[in-house]
Amino acid sequence: MAILSRDVYKEFEDVVGPENITDDPALMPSYFNTEHAAIVLPGSTKEVQALVKLCNKHKLRFRAICTGWTGMFPRGIVLFDLRRMNRIIEINEKNMYAVVEPYVISAELQAECMKRGLNFCIKGAGSNCTALLRGHGHMDQTTSGDDRNHLAIEWVTPEGEIVRTGSLGSSDEWFCGDGPGPSLRAILTSAVPPGVTPGVFTKAAIKLYHWPGPTKFPVVGHSPRYTLSHIPPNMMARYYSFPSVEKMWQAEIRIGEAEIAYELMGFNAAMVAANITTCNEEDEAMFKRLSREVQGPGFFIIIAGNSADDFAYKKKVLENIVAEAGGKSLKTVEDPEIEGILLCQCIRISASIRETFRPGGAFNSIPIMGQRDLTIKWAIGAGEAKKPLIEKGLIVDDGGAFFGWGVEHGHLGKTEIFCKYDPSNTEAKKAVEQWQKEQTARAFKERYFALTMGDQTEIGPALSNYHIWWQKTVKAIDPNSVTTESGPLV
Amino acid sequence: MGLEQYQGDMNMCCRCSCCKFIPMQKVMGPQFSYACPSIAKYNFHAYSGGGRLNIASAMLKNGFNYTDKLLHVVYNCQLCGACQVSCNYAMDMEVLEPITEFRFKCVEDGKTSPALDKAVARLRKTGSMLEASGRRGDWAKDLNLKDATKEKVDILYHAGCLSSYDKDAQKLAKTTAQVLQKAGVNFGILGDAEMCCGSRAYQMGYRDDFLKQAEKYMALIRKTGARTLVTGCADGYHAFKVLYDKFNFKKDLEVLHTSELFARLIKEGKLKPRRKVNLAVTYHDPCRLGRLGEPYIHWQGKKIPGDKFVFDPPKPYRRGTNGVYYPPRDVIKSLPGIKFTEMTRIMEYSWCCGAGGGVNESNPEFSIWAAKERVREAIATGAEAIVSTCPWCEQNFSTAIKEMNSSLKVYDIVELVARAI
Ligand code: SF4
Ligand code: SF4
């Protein structure tokens, strides 16, 4: 049964054209298996605005998605699939920012940036996702992460007003997110699709960073084993393992202080194995091999020099720091073929599909933000709690490991731990959800910020009652309650 | 077993959207980054490889709800397999097989496309998918070729429906035969007795018609005693090499594409390209010679219960790694005076010419739309000509070029070889 009356449907259709709207129930399962009132494909900000106004007129809730990996989608919403809004509006080399529409994926923008000696933060969700996604990624050391990278934004509010934030609010310039012009940072930076956008981001400027690597990687071979014909000049990738977590952290913090890492990713052996292998069976064998090779926890690091001298300097500093912390380089990663795979994989793809979805089809994760040495301690506990699930064969054996990295060469960063499992195994699913709940609760109790924390009313009181203010704000900008909330809010 | 056997694979879809694009490390910018013609044209997620799996999986669970829009989704897919390659960079799961099975199911349930029904009815009646004027073997008149039904030959040359009946495409069959004659190859043809390989019926969703065709044709091929079959049609190549193997018709028949045979002959010194061709070209990998042309792998196994989607014995996936990519390139590069440049989307992540999966017949506008996209990519290389190794590609590109008023030329590889020897 159609949710929208034909008259209302027609109003939406008049905005986007008949080929860009459907309420056919047979197509809905491709959009998260839910009954949506309609799927619409706006092609411009104007169309988004008109659609939002119609949603207000008819009190219909809506949500916008880009490539639309995950999210919560209540029944009856109008889903805006932003697939047609896929233009790179500008790459401003001088002021180092790029302006994109929502369906430009990171791989597209990054390729353009690299041609110009620039790069930007590819989020952990992968370069297959929108470039304007909020989040952290492998290159946070040099490209920072999350809301730090958003400059001016064009925003269609939940009422259908077009608001241009930051410098765009007072001029045609995109260079700053906070002025001259309205900042709205507190409202907007938790709102980039597919987060909890009250309204729709139709364009955003993203901060770009210097890229010392090649204009394109010399990728050779065939999928799924792409390698590099050679390691680009002044670049190096290594994995170091350490005798203890403390030693690893000591090295990590000193590398940060020395500002020598292009990328520092606290991978565990399981994640290295997943990234360099082409199927599950190979992955399992490689994990066993690497588990024997490592002496303890470790990290993956990329050094990139602006010149041969700069590279030599960074390499020397790295070697000293690692040696003083008792670190050991993984021989497998020193193999130029593996080194090349990891260089390209971690800079160009970032997505962890091989390490998350390939084994069983699902994973549940707890990402926590904060001071790395403290969050690592929490993660060790969460890792221990994983072990009984591994022993029972409910989740994939990764040695109970976790991962994480610092942002902007600092001691603050992200630490994350996940369980990979087969979601059709109900016992496994239940056990993983229970693990996630317990470990999130422990994080909250120990005063860490976990992205999986529950309802705002639950956590709000511990965070200056932010939820009361947030609800008031949402009420003010969305008086008809037409936007949906899903995912992390803060 | 049908679609059901892929329920596990479909459940594995994590909805990452990688199947819409070429593999991420190959993306060179916003231009030419898409792998799937269907999502690139129709935009709704349902048109992507993953979207198709999401729908098929839900319908297996909740019942099949055929709507016009759903059938539009089903039949507007070239079954080009680009989604399989991009997905299988990271995932261990079947993508193209369930998409194909879903189409079979539609046909079994009588939910067909009228245009495809018509083409298959023609096959049943005349033995060809094409509107035939004249006899199948007419193209070979005056060439004095061996009749493989009467004489023993080493190699059987299969011209295919398009090169047999289409007035423009007949030149490919003729030229191929002349080149083989020059190289002194002991080959023959079946002439009027040649049959349709059934590939296009398979792609359109009519599995039974394909199977009947394959059984009949293999019996005839076997009778000739030829150990090797050569064809210049990528659809035919895929049928003989992959589908006939999958359904156990092929046995020990060696299947070669003309480009593979030419590459071999050039290497052995039996074909000597000496004359300058003087042309800047780029090469288009036909889906069914390239990524889908890799050998079929027979496998049977069971899922190992537990935390992973793994099988005993381990399941090999056809990820496009072993397609036929180099022989055509080797041949082109061996021609004197050729300047060769690659396009952005090549080999396993090549963009489809648009003609496959019955789209040519059911939605010519979409088919040519995809071809135009490829022509634009070829033009961007600075090439004067796009070279392919399949008459269907050549036909689509020619139409696209004409509609675009472009000066780009289109050649089959045999035409260039013939010019050089
Ligand atoms: S089919 Fe594969 S690539 Fe496409 S969305 Fe599903 S998992 Fe991702
Ligand atoms: S087979 Fe080709 S056209 Fe069909 S969904 Fe896959 S990539 Fe798209």
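Read-outs throughout are calculated quantities, based only on the coordinates presented, and are distinct from any laboratory measurement. Just so we're clear, the structure is a prediction, and the values are computed from it rather than from any experiment. Ideal geometry is used to build each Cβ from the backbone, glycine not excepted, and the neighbour counts take in all protein chains shown.
Across region B:164-173, coupling constants 3J(HN,Hα) worked out from phi with the 6.51/-1.76/1.60 Karplus curve, θ = phi - 60°, read 7, 9, 6, 4, 6, 7, 4, 4, 5, 5 Hz, and Gly and Pro carry x. Model label points for B:ASP208 and A:GLU257, set 7 angstrom from Cα along the Cα-to-Cβ axis, are 7.8 nm apart. Placing +1 on each Lys and Arg Cβ and -1 on each Asp and Glu Cβ, with no other charges, gives chain B a dipole about its Cα centre of roughly 740 debye. Think of each Lys and Arg Cβ as +1 and each Asp and Glu Cβ as -1; about the Cα centre, that makes the dipole of the protein assembly as shown roughly 2040 debye.
Note on chain A: helix-only mean residue ellipticity at 222 nm, from DSSP H runs of 4+ residues weighted -39500 (n - 2.57) and normalised by residue number, equals -10000 deg cm²/dmol. As a rough footprinting exposure proxy, the listed residues B:VAL281, A:VAL163 were ranked by other beta carbons within 10 Å of their own, and the order from fewest upward is A:VAL163, B:VAL281. With a cut-off of at most 14 other beta carbons within 10 Å, and DSSP calling the residue loop, which trypsin sites (Lys or Arg not before Pro) in region A:362-450 qualify? Please list them. Passing sites in region A:362-450 are A:LYS392, A:ARG447.
Can you check what the net charge comes to around B:LYS267, using other residues whose Cβ is under 15 Å from the Cβ of B:LYS267 (Lys, Arg +1; Asp, Glu -1)? Let's see the in-between values first.
Working: positive: B:ARG264, B:LYS270, B:LYS272, B:ARG329, B:LYS333; negative: B:GLU260, B:GLU268, B:ASP330.
Overall, the nearby charge balance is +2.
Here each label is just a point 7 Å from Cα along the line to Cβ, and for B:MET404 and B:GLN178 those points are 2.8 nm apart. Each part gets one Cα centre, and for region B:107-124 versus region A:418-477 those centres are 53 Å apart.
As I understand it, the value is the acute angle between the Cα axis of helix A:308-324 and the longest principal axis of the Cα atoms of chain A; what does it come to in degrees, rounded to 10? Taking Cα atoms only, the helix is inclined about 70 degrees. Amide H to amide H distances under 5 Å link A:ALA304 with A:TYR262, where only residues 5 or more positions off or on other chains count and H is placed in the peptide plane.
Three semi-axes describe the equivalent ellipsoid of the protein assembly as shown; taken as square roots of 5 times the Cα gyration tensor eigenvalues and ordered largest first, they are 49, 32, 27 Å.
Counting other Cβ atoms within 10 Å, keep those with at most 14, restrict to DSSP loop, and tell me which GluC sites (Glu not before Pro) in region A:155-189 are left. Display every interim value, and only then the final one.
Numbers: sites: A:GLU159, A:GLU161, A:GLU173; in loops: A:GLU159, A:GLU161, A:GLU173.
Sparse-neighbourhood loop GluC sites (Glu not before Pro): A:GLU161.
Under a Cβ-Cβ cut-off of 12 Å, what is the net charge of the residues other than A:ILE368 that fall near it, where Lys and Arg count +1 and Asp and Glu count -1? All intermediate terms of the calculation are to be shown ahead of the outcome.
Numbers: positive: A:ARG372, A:LYS377, A:LYS414, A:ARG442, A:ARG447; negative: A:GLU416, A:GLU446.
With Lys, Arg at +1 and Asp, Glu at -1, the neighbours total +3.
The mean sequence separation of alpha-carbon pairs under 8 Å and at least six residues apart, normalised by the residue count of chain B, gives a relative contact order of 17 percent. Maximal additional length on extending the A:PHE449-A:ILE89 stretch stands at 126.1 nm, based on 0.36 nm per residue less the C-alpha distance. Per-residue ellipticity at 222 nm, computed for chain B from helices alone with -39500 (n - 2.57) per DSSP H run of at least four residues, works out to -12000 deg cm²/dmol.
How high is the FRET efficiency from A:ILE390 to A:TYR313, r the C-beta distance, R0 45 Å, rounded to 0.05? Working from the Cβ atoms, E equals 0.60.
Dipole check for region B:100-219: with +1 at the C-beta of Lys and Arg, -1 at the C-beta of Asp and Glu, and the Cα centre as origin, the magnitude is about 120 Debye. Taking every DSSP beta bridge that has both residues in chain B, what percent is antiparallel when rounded to the nearest 5? Counting only bridges with both partners in chain B, antiparallel ones make up about 10 percent.
Taking amide H positions as modeled 1.01 Å from N, with prolines and chain starts lacking one, the residues under 5 Å from A:ALA204 and 5 or more places away or on another chain are A:VAL100, A:GLU154.
With the Cα gyration tensor of region A:219-356 giving a ≥ b ≥ c as the square roots of its eigenvalues, does the rule (a/c under 1.5 for rounded; else a/b larger than b/c for prolate; else oblate) give rounded, prolate or oblate?
Numbers: a/c = 2.07, a/b = 1.22, b/c = 1.70.
Verdict is oblate for region A:219-356.
Quick check: the angle from helix B:49-62's long axis to the longest principal axis of chain B, C-alpha only, nearest 10 degrees? The answer is roughly 50 degrees. With a Cα cut-off of under 22 Å and a minimum spacing of 8 residues unless on different chains, the lysine pairs in region A:219-356 number 13.
Backbone geometry of region A:275-281 corresponds, through the Karplus equation with coefficients 6.51, -1.76 and 1.60 at θ = phi - 60°, to 3J(HN,Hα) couplings of 5, 9, 10, 9, 7, 4, 5 Hz, x marking Gly and Pro.
For a modelled paramagnetic label at A:VAL245, 7 Å from Cα along Cα-to-Cβ, no residue of region A:326-348 is in reach, as no backbone nitrogen comes under 17 Å. Between 0 and 90 degrees, the angle of helix A:372-391 with respect to the longest Cα principal axis of chain A falls at about 90 degrees.
Close amide H pairs (under 5 Å, H built 1.01 Å from N) link A:PHE449 with A:MET369, residues at least 5 positions away or on another chain. Within the shell of other residues whose beta carbon sits under 13 angstrom from the beta carbon of A:GLN295, the net charge comes to +3, with Lys and Arg scored +1 and Asp and Glu -1.
Provide the gained length on full extension for the span A:ALA441 to A:THR426, in nm with one decimal, where the gain is 0.36 nm per separating residue minus the Cα-Cα distance. Don't jump to the answer; show the numbers that get you there.
Values: separation 15, 0.36 × 15 = 5.40 nm, distance 2.24 nm.
Result for the pair: 3.2 nm of gain on full extension.
Converting phi to 3J(HN,Hα) with the Karplus coefficients 6.51, -1.76 and 1.60 and the offset θ = phi - 60°, region B:91-105 yields 10, 9, 6, 7, 10, 5, 4, x, 4, 5, 4, 4, 5, 4, 4 Hz in sequence order, with x at every glycine or proline.
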